Every structure is written in structure tokens, then in C-alpha cells.
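The values are calculated or read from the model by the stated rules, or taken from the named source; none is laboratory data. The shown structure was predicted, so the numbers you read here are calculated from the model rather than taken from an experiment. Note that each Cβ is placed from the backbone with ideal geometry, even for glycine, and that neighbours are counted across all protein chains shown.
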DNA sequence: GATGAATGAGCCTTCATTCAT
DNA sequence: TATGAATGAAGGCTCATTCAT
């Protein structure tokens, strides 16, 4: 008996991300996903119930994935600025190296595929960052602003960096990284 | 004989924006656009050659529109910070009040509808801002960083503000606005 | 504006009946129905919501149709045997001239298309016959048997006549008709 | 090495009959047959060449089966009425106890699976009955009508009895049986 | 110009059949 | 032999576009 090839799921995810990047969510067809993943269309339905399922599963996969990357090497006991820099770098690296995932998630947000519930659970994955920011405020290192706006500021700058690096083919040298971190840091510091 | 009703173009644009916000680019069909615009499907083809034409025309319309709004009330001869604040406020206001347009443009970027050429012409509309930033740098008011990254920083924060105001139904009080401008300003100032 | 062509429904019904006769319910595809009805597949969906709708609508159409035919020229005040003969003849004629409909209804019975409710409402259309049979029993003209079995007997013989006439290409002469009616009559008469 | 398990053919036949009863010929898929028969889809192709083969084999199986049942306990030398009653009872019992087979055969008749040739060979299995009827006519016990219509009459009533017993969940008591036989007998007797 | 019925290519999905294990 | 994953042709249905009114 031929066993279910578990890394087919990955092929399908990769194919989907690539196609969404190139043509948007509207551009993906089961046919094109299958072709890109080098399998038959029917095979897609062995691994996923339907098109929606591919998209929502991939969405979940991306979200879970990023959550772990965002906080890798992050040491809660390290000084505020060190911790903040770690997370900031992680997110920047993630957004750029997995830019396709960001596009995919963004496109999903305004699609019928992702429901309200899923959207709100997304917020939870930033909790460690929120705790860090609270510490920074207590220690009067950063501005005493609602963390909602602090994270908005931080994420906004990062997203745009990722976009520009990708769209304009910029190399993200250490210098550029430092520059951008500096602006972000100056923006939030007390 | 009734003249080509210029009002209808607007209805079509509005319908398209609404539908893209609700269902993404993938979600719009000529039928749904017609229904939302309260006209017949055939009528769409009197005003636009085809579906692609609706999307690219709307894209152009949005871009041109924002270009004028971004720099309204902007006085080239005013002090740097005043000018910067004017533009910053304009963009924030625009992004929020016409959030649907932002979503639309974002979705278009990763669709087969917008070609590379169109994307690059987008950059041109920020030229007055670039000139202002150059002045700021000359006057040592802001950091001496490539304007590419300065605008990235500025636009990134604004985009995220708009998203959050919309998605989380936040009211944008003067206080919140000031807060956010302060962060942006601290980030870029020398 | 092109108006909805109301006799397209009929074309679709006719095409469906023909195809079900030739290939069974399993054999009909939307493509084949459209082709037989000489319209495009998409057009089917203007007149019917989906395949199921074609089938259930046709089912209803057939049932309603037969109900009127079964009792045409039937005079409630006529003598029992005359009335019974009228109805018997009507049903025979109907089953033969519209044999396709009979096949269709029979096939529907064992398909996922027709629900239990629909099946039971079918019984109602025989009520005038039931009343006639009651009169016959009261007048001691026919056997005093539950009408359920009397109608079973009557309908059973008729169905088989129709099948045989059709499958074996028999001509239904007056003689053959009389012969068959005689057997039916002898079977139920007291 | 395990031998070709003849039992599996039966499982497949049973599964097919059940599914045809529930969903019609259109409703059966190789997947559903395999599942119902509790085997793998691939296994179906060890026992049968393809889907058509399952259906035609089952058709043959049903026909052969009924042929033997129809004439069991039938004594050619018994008086006419006794012989006729035996056959009549056998067919009734068969039609009811194996109602699924009747549905299956009926559905096959209007499907692409059964060819004209197969249909006509069906007639042959009634030959002993035809001989009996000839005897009945010679002995002036029954009407001198073409046996084609005599069998039509007999089979028609039986089929309808079977349908009604099944669809309306009627219990077939000795009384009901006698009643129905009486009608049939009165119908054909001279 | 305006309408919406009509069209048919193309999408999602199913399913008969094959094949590797 | 038995399994069920894999295949891809074909079915139901949608939708961009055309056309008759």
C-alpha cells in the first residue's frame, strides 16, 4: 500500500504561497496549485477537504510558525533594550525571509476565507511583547503610551521595511538594519 | 438621448471598493459589482471595456486622488516641522477615511491586474515629500538617512495606524493623533 | 432587452425526459441536457437553480400533469363501470403516451432527489378514484377489498401494459385494450 | 496464499444492491461500494474488471437467481390452478424478499449498462410459465388471450404488490395474499 | 444608453481506475 | 491478494462577456 506522503502538505503550502505572491488570492486555482506542487488536482483533495481548507490551514500554519520565530532567542531576563532588539530583529527577519507568508496573510484578511474569530486569536501571539513593553514603561525606558499604539508603531515600520526590501530589491545590510532600528527606538523611547 | 452618465462611473467604483473590502479582489464578480452599483451587468461594459479596466481605472483614480489629498494645505514655504506635520496628518486622514481604497490598492499589488510600470509610477507622487525631507536634512532637523528609509518609516507607521483604527474600531482622538505623530517625529528627528 | 423565454423550461424538461429514458437518471449531465435542449449549459442555470432543481421541478410538473389527465372526461354522476372505465383508459393512455414521464418518476423514487414528503403527497392525487371505488363497494359492484389493494391491482396491470407496449413495440388496438380492461374488471368485480 | 475469496463477490453485490435502493444507480460510486462492502477500492478491481462489470454481473446474478426461485416447488403435473398459484406465490415472495434486486433491475433497464440483447434473454426465463398458461387455455380454465398479455397482467399486479408492501410497510398476511391472488385469478380465469 | 438573458470557457470537485507497497 | 494513495478526465456550476431588445 502506498502510504500517505506527509511532506505533500508542505509542497501544497509552498505552491500556494508562491502563487498568491504572484497572482494574489484571486489568482490561485486548484489546477495551478496542483501543477506548481507537481501533483494531480485530485491529490489535493486527499490532503485537504477543499480549496478553503488549503487556505485556512495554510493561514494557521503561517501564524503558528511566525509566533515561534518572533520570540526565538528572546531572553525574558535580559535588559529591556536587548529584548526589544531581539524581537524587533526576529520580526524583521521573518517578514523578509517569509515575505510570501505576509502577503498571503494580508490577502486572507480581506477574503471570505478567514472569519472574525481567527482574526482576533491572532492578537494573542504578541503577548510576550506586550509584557516586555509593560516592563519598559515601568522602568521609564519607553514612552508611557498604550501598548496598542506602541506595537502599531513597531509593526508598521517593520512591515514597510519588508515590503520595500522585497519590492525594490534592497539588500538589508547591517547598516540599514541599525538605521531602521534606531528610528524605531527613538520613536518609542521615553 | 441621454448622455453617458458620469455618475455611474462613481457608482461602479464605490461598489467595487466596497466589495473588495468585504471579499477581497477574488470576491468581486461583474455580476456583484453591477448589483451593488444598482445597474445591469451589460451597463458595466458601456463604461468599461472589461473587468481589468474597472480595476486598473479605479487604481489610477485612487492614486491620483490620494496624491492631491496628501499635499492639500501644504505650504512649501512653511517651517519644516509644520510642513511635515501637514503631510503626515493628510496621509493619516486619507488612509483612514478612504481605507477601502488602501485595501484595494494593496490587493491590486499582488494581482495580475497591475503591471510593474504602474507600480513604479506610484513613487513619483511622493516627490514633494522627498523635497521636504531633503530640506529637513539640509537644515539638520532630521536624521541624515536615505529618504527611501525615512518615507518607509513614515508610511509604515501611518498604514498600521489606519489598519488598527479600522479593524479595532478605535476612535482617532486628537490625543492619539498627537501621540503617534510624536513617535514618528522622534524617530526621524536628528 | 432580451426577455426570458418561457418555453425554454419546456425544452429543458423534454430534453431531460428523453435523456432519462435513454440513459437513466445516472446518465444525465447538465451538458447533455443543455445540448439536447439546444441551449448553453449556463442557460440552464438561468431557469433552474441547479441539477436537483431541474429534476424536482420536472417531477412536480409530471405529477400535476398526470393528475389532470387521469380524471379528464370523468363524470362523477355516471354509472360506476363507466366512470371506472374512463379513469382506467385515461391512465393507460397517459402511461403510454407519456411513458418517458413514468420512467422518470420511477427513477426519481430511488434517487436522492425526491424526499419522503413528496412521495406521500403523490397519494392524494388518486382521491377521486378512491371515492369511486367506495361507491362501487357500497353498490356491491366490486369486491369489498381495502382500496389500497384495489388500486394496487389496477395500477399494477396498467403499468405493466405501458411497459410492454413500449419495450416490445406493441400496438395498443381497441381489441387489446378491451381484453386488458376485461381482465382488470373481472379481477375487481364482486 | 489466500484464495480469491468468493465471499467478497457477495459482499460487493449486497453493497451495490443496498446503495442502488438508497440512491439509485446514479448514486453508486466505486468508493461507496467498497466502503459499504468493507473492502478497499482497489480490491473491487480484483473481483471485477470495472464498474460496468459489477453491474452487469449483478444483473445476471439476479436474473438467474430469480429464475430458479420462480419455479421452485412447481410440479408440472399438478392441476393448473395449483401450479399457477405456486408460481404466483413464488414470484410475490421473491419480489418482496428481494425487493432491492427488483429496483436494481428496473434501474438497469434504463441505463447504458444493459444492452438490448440482455433484455430479450430475460423473456426466456418465463418459459415454464408460458407452457402452463397454454395448458390452462387448452383446458379452457383461463381466458384465451395471448400469453403476452396474461403474463403482463400477472406480473403487473405482483410488481405493484411488492412495491406497496415495501414503500408503505404493509405486512403481507395470508389474508392479503389470498385476496390479491383471488383478484388475479378472477382476472385471468375463463 | 440600458437591460438582463444567453453563452461557453474555466473553475472546483468527484470518481473510475491504476499502481506502489 | 489487499490496500488506499495517486491520477486526470469529466461533471456541476460560475462568471466575464456578448447580444437581442
* Asked: Which of the following residues is assigned to a loop (DSSP other than H, G, I, E, B), within 16 Å of residue D:126 (Cα to Cα) and away from DNA strand E (no atom under 12 Å from the Cβ): D:94, D:85, D:73?
  -> D:73
* **Single residue of A:55, A:46 found to be within 16 Å of DNA strand F (Cβ to nearest atom) and within 17 Å of the chain's Cα centre (by Cα)** => A:55
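Just name the residue that is surrounded by the most Cβ atoms within 10 Å (Cβ to Cβ) out of those in region C:40-67 that are part of a helix (DSSP H, G or I) and within 12 Å of DNA strand E (Cβ to nearest atom).
Looking only at region C:40-67, we keep the residues that are part of a helix (DSSP H, G or I), and these are C:41-47, C:51-67.
Next, from what is left, pick out any that are within 12 Å of DNA strand E (Cβ to nearest atom): C:41-47.
Values: C:41: 13, C:42: 9, C:43: 16, C:44: 23, C:45: 15, C:46: 11, C:47: 19.
Among them, the one singled out is C:44.
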* Asked: Within region D:14-32, how many residues turn out to be in a helix (DSSP H, G or I) and within 15 Å of DNA strand F (Cβ to nearest atom)?
  -> 8
* Restricting attention to region C:21-39, which residues are surrounded by 19 or more Cβ atoms within 10 Å (Cβ to Cβ), more than 13 Å from DNA strand E (Cβ to nearest atom) and without any contact (Cβ under 8 Å) to a residue 60 or more places away in the chain? -> C:28
* Taking residue D:5 as meeting all but one of (1) surrounded by 16 or more Cβ atoms within 10 Å (Cβ to Cβ); (2) at pLDDT below 90, write down the number of the exception. => (1)
* Structure fact -> Note on region D:68-86: residues closer than 13 Å to residue D:141 by Cα and surrounded by fewer than 18 Cβ atoms within 10 Å (Cβ to Cβ) are D:79, D:80, D:81, D:82
* Structure fact -> Taking region A:125-157 and the residues there that are within 14 Å of another protein chain (Cβ to nearest Cβ) and under 15 Å from the mean Cα position of the chain (by Cα), the one that is surrounded by the most Cβ atoms within 10 Å (Cβ to Cβ) would be A:157
* When residues of region A:103-118 are filtered for being facing chain B (nearest Cβ under 10 Å), part of a helix (DSSP H, G or I), in contact (Cβ under 8 Å) with a residue 60 or more places away in the chain and more than 11 Å from residue A:21 (Cα to Cα), how many remain? -> 1
* Asked: If you check C:13, C:80, C:70, which single one turns out to be touching a residue at least 60 places away in the same chain (Cβ under 8 Å) and under 30 Å from residue C:128 (Cβ atoms)?
  -> C:80
* Asked: Restricting region A:95-121 to residues that are within 25 Å of residue A:178 (Cβ to Cβ) and out of contact with any helix residue (DSSP H, G or I) (no Cβ under 6 Å at 6 or more places or on another chain), which is surrounded by the most Cβ atoms within 10 Å (Cβ to Cβ)?
  -> A:98
* Do we have any residue at all in region A:9-20 that's crowded, with 18+ Cβ neighbours inside 10 Å, within 15 Å of DNA strand E (Cβ to nearest atom) and assigned by TED's automatic domain parsing to the domain that holds residue A:179? -> no
* All but one of (1) out of contact with any helix residue (DSSP H, G or I) (no Cβ under 7 Å at 6 or more places or on another chain); (2) at pLDDT 95 or above hold for residue A:92, so report the exception by its number. => (1)
* Residues being more than 10 Å from chain B (Cβ to nearest Cβ) and either outside any helix (DSSP H, G or I) or surrounded by 17 or more Cβ atoms within 10 Å (Cβ to Cβ) (or both): count how many of those fall in region A:167-180. => 4
* To do: Of the numbered conditions (1) out of contact with any helix residue (DSSP H, G or I) (no Cβ under 9 Å at 6 or more places or on another chain); (2) at pLDDT 95 or above, residue D:13 fails exactly one; give the number of that condition.
  => (1)
